[in-house]
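The values are calculated or read from the model by the stated rules, or taken from the named source; none is laboratory data. Here the structure is a predicted model, which means the values were calculated and not measured. Because the Cβ atoms are built from the backbone with ideal geometry, glycine has one as well, and the counts that use them run over all protein chains shown.
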């Protein structure tokens, strides 16, 4: 058996020289600044002008769903706590807060937030919770831009049960159908059903505008329905086949939002590249699902070599966003359901994952460098980068370099904000990092929901560490470990 790979823990790379040497040993490009700057003139503190709006700095909070809403789609106290912490972070761009379903059958779990007529008041209060927190800790809020991510979960919908899927699919995927148990005769969404869904997205967008959100994100990432449109090459009809047809859903939603909610900002978070689904190999490390022949089902990958990034269609997609006058773009990759090491590099996988088949820093560098390549071609798009959390202590240094050198406009943080929401504020103020709060990618924030529990940082956040749910999570992990022996 091949020996297990040895990946250095980022926390052991204590100096710029040690971090640079390890990056060099991996054969990757991951430039960073040795010294962090603080104060109003520092790269991460510079305001960004988005039309007539000014976004106060270059930090962005990525959508962080907690699986902790009510059954009727409203926020709970846990949800409000998380959004309050988004506000105290000091970041001036809030990308969606979390994924919010536009209707019940599009929920990824029975506790996902929804934006419907009966939840509007509760979501308005949630947004105001964030604004009040930001005002309390950071003063001005006129340079704070808050969006709401609108979604339908597609083939990963579980609206009524935490364990039973009720998928909506656009086409029969040769690997994902098998992986997730979708039979060959399972119904595919009709064009008429897609037309109805467009109406639901537009109504949700108008409601978001009515309760004060600055923009909506039309989610096109991580294997959910918007993302699946981009790979629907085998689908017949108006919404599949050609690139024009595969982007028709986006174009029609945008046109209707501009008609029914004029003045509302629009952003798109997109998995800008993808690859094969992965599974645990004999040694527990991830390997691609077996497949022979051409593989055209990974948007942003080379169909003849699907492990290679091919930016031909992603470039066309960003060009389309420019034509649609959409400037806010957040770039991510892959899916947490079938290739999490591509999307969310981590040393410790979630319970339904696999050991990382590459050093997680390789995955971080892949996302950052693809983002930089696209930013160089689309200088007028406001681009948010993802994949930074695994950098840990070196996150601000890499982020500062990328913003300073024009490789990205905003540094997006996801998992990190669950345990260390104050990181942006500390960096901007020149305070030392609180190393005991830094996310070490233990993945309990994903393992919890995979076992029917709420999401949170169980290892490092005392609020979750001391909760009854922590004992349930520990027991679930112990049962999994026993089965794997």
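Summary of computed values
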quantity	calculated
Residue count, the range 214-223 (criterion: assigned to a loop (DSSP other than H, G, I, E, B) and surrounded by fewer than 24 Cβ atoms within 10 Å (Cβ to Cβ))	1
Some residue of the range 12-28 being buried (at least 18 other Cβ atoms within 10 Å of the Cβ) and more than 19 Å from residue 390 (Cα to Cα)	no
The one condition in (1) outside any helix (DSSP H, G or I); (2) buried (at least 24 other Cβ atoms within 10 Å of the Cβ) that residue 110 fails to fulfil	(2)
Residues of the range 9-28 satisfying the condition of being assigned to a loop (DSSP other than H, G, I, E, B), free of Cβ contacts under 8 Å to residues at least 12 places away in the same chain and closer than 19 Å to residue 356 by Cβ	27
Residue that is in a loop (DSSP other than H, G, I, E, B) and surrounded by fewer than 17 Cβ atoms within 10 Å (Cβ to Cβ), where the choices are 174, 167, 159	174
Filtered residue count, the range 237-278, keeping only those that are at positive phi and either in contact with a helix residue (DSSP H, G or I) (Cβ under 9 Å, 6 or more places away or on another chain) or assigned to a helix (DSSP H, G or I) (or both)	2
Pair list, Cβ under 8 Å, 6 or more apart: the range 473-485 residue closer than 18 Å to residue 457 by Cβ, other residue assigned to a helix (DSSP H, G or I) and at pLDDT 85 or above	473/444; 473/447; 473/448; 476/447; 477/447
Any hit, the range 127-141, residues being part of a loop (DSSP other than H, G, I, E, B), under 18 Å from residue 214 (Cα atoms), within 23 Å of the chain's Cα centre (by Cα) and at pLDDT 95 or above	no
Given (1) in contact with a helix residue (DSSP H, G or I) (Cβ under 9 Å, 6 or more places away or on another chain); (2) closer than 23 Å to residue 79 by Cα, index of the condition residue 204 fails	(1)
Test for residue 117: is it under 24 Å from residue 235 (Cβ atoms), out of contact with any strand residue (DSSP E or B) (no Cβ under 8 Å at 6 or more places or on another chain) and surrounded by fewer than 15 Cβ atoms within 10 Å (Cβ to Cβ)	no
Cβ pairs under 9 Å, 6+ apart, first in the range 119-141 and within 24 Å of residue 104 (Cα to Cα), second outside any helix (DSSP H, G or I) and modelled with pLDDT under 95	126/97; 127/97
Failed item, numbered, when residue 338 is tested on (1) surrounded by fewer than 20 Cβ atoms within 10 Å (Cβ to Cβ); (2) more than 30 Å from residue 214 (Cβ to Cβ)	(1)
Single residue of the range 434-458 satisfying the filter (modelled with pLDDT under 95 and more than 20 Å from the chain's Cα centre (by Cα)) that is surrounded by the most Cβ atoms within 10 Å (Cβ to Cβ)	451
In the range 366-410, residue surrounded by the fewest Cβ atoms within 10 Å (Cβ to Cβ) [restricted to those that are more than 17 Å from the chain's Cα centre (by Cα), assigned to a loop (DSSP other than H, G, I, E, B) and at negative phi]	380
Scope the range 92-107; condition at pLDDT 95 or above and assigned to a loop (DSSP other than H, G, I, E, B); matching residues	92, 95, 98, 102, 103, 107
In the range 287-307, the residues that are part of a strand (DSSP E or B) and within 21 Å of the chain's Cα centre (by Cα)	301, 307
Criterion violated by residue 431 - all others in (1) part of a helix (DSSP H, G or I); (2) farther than 21 Å from residue 109 by Cβ; (3) modelled with pLDDT of 95 or more; (4) over 23 Å from the mean Cα position of the chain (by Cα) satisfied	(1)
Any hit, the range 83-91, residues being under 13 Å from residue 146 (Cβ atoms), assigned to a loop (DSSP other than H, G, I, E, B) and either touching a residue at least 12 places away in the same chain (Cβ under 8 Å) or over 20 Å from the mean Cα position of the chain (by Cα) (or both)	yes
Looking only at the range 36-54, and only at residues there that are assigned to a loop (DSSP other than H, G, I, E, B) and free of Cβ contacts under 8 Å to residues at least 40 places away in the same chain, the one that is nearest to residue 402 (Cα to Cα)	41
Test result for residue 361, in contact with a helix residue (DSSP H, G or I) (Cβ under 6 Å, 6 or more places away or on another chain), outside any loop (DSSP other than H, G, I, E, B) and more than 20 Å from residue 221 (Cβ to Cβ)	no
